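Engineer: Can you keep this structure in mind? I'll have questions shortly.
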Amino acid sequence: MLISCASNDGNEVAKDPYSKVKAENQEGSIKVNGDMIQVNRDVIDKYIQRHKWEMQETETGLYYMIYSQTNDIEVKSGDVVEFSFKTSLLNGEVLYDSDATGNRKMKIDMNQEESGLNEGLKLMKKGEKAYFILPPHLAFGVAGDSYKIPPYSVLVYDIEIVDIKTPESDFPVDGEVVL
C-alpha cells in the first residue's frame, strides 16, 4: 500500500520508504552484474586470444565462430535441430559430450534451456561446425545445472549440426497428421 501525505508547506509528497530501499538495492545489483559481465568478458577475450580464434560477438554477448561452413539449409525458428556437441569449461574440463550421451535435439525458440545455444544454432546451417562461448547469463546462470556445470560458469560449445527437421517435414504431403 502506498501512502502519501502533504507536508506542512503543502509542496512535497512523502514517498513510500520501501521504494527508496528498492531503488538503492537495484542500483547496487546493476553495478555488481555489470562488474561480473566485464570480468567474464575479460576472461573470454583472453581465452579467445590464447586459442587464436577469430570470433564474433552478438548483441547479447554470445561469442561464436563457424569453422566449417556449408551451403545447406539454414536453421529457422520452430525447426528441430539435431547436433553433436562437446561442452566444456574455459579450463578445458569436458562436462558433456555427445560421444558419451548421444546427439542432442532442440526445438529452436521453444527451448527453456541455454538461450545462448539457441541463439547460436540460428546462425548455422546443416552440416556446419562452430564454437560458441556462452557467458553465464546465456548459459546456466547463477545456479549451474545442479549436476556438472558449476554456478556462474562460462561454457564453451563445439557444435556440429547433424540434421534439421522443419515443422512442415513433420506432416505428410497428403495432409494426414502424424502424432
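Engineer: Can you give the local net charge around Glu57? Use residues other than it whose beta-carbon is closer than 13 angstrom to its beta-carbon, Lys and Arg +1, Asp and Glu -1. Could you put the intermediate results ahead of the total?
Structural biologist: Details: positive: Arg41; negative: Asp45, Glu54, Glu59, Glu119.
Net charge around Glu57: -3.
Engineer: On to the next question. Would you mind computing, in nm to one decimal, how far apart the modelled labels at Asn91 and Met36 are, each placed 7 Å from Cα along Cα→Cβ?
Structural biologist: 1.9
Engineer: While we're looking at this one, here's another question. Between Lys125 and Val43, what length in nm is gained on full extension when 0.36 nm per residue of separation is reduced by their alpha carbon distance?
Structural biologist: 26.6 nm
Engineer: Among the listed pairs Lys122/Lys165; Lys76/Lys105; Lys105/Lys126; Lys105/Lys125; Lys86/Lys148; Lys52/Lys148, which have their C-alpha atoms separated by more than 18 angstrom in this model?
Structural biologist: Lys52/Lys148, as the Cα separations exceed 18 Å there.
Any read-out appearing in this document is the output of simple, stated calculations on the displayed coordinates, not a laboratory observation. What you see is a predicted model; the values in this text were computed from it and never measured. Every residue, glycine as well, gets a Cβ built from its backbone with ideal geometry; the counts of neighbours run over all protein chains shown.
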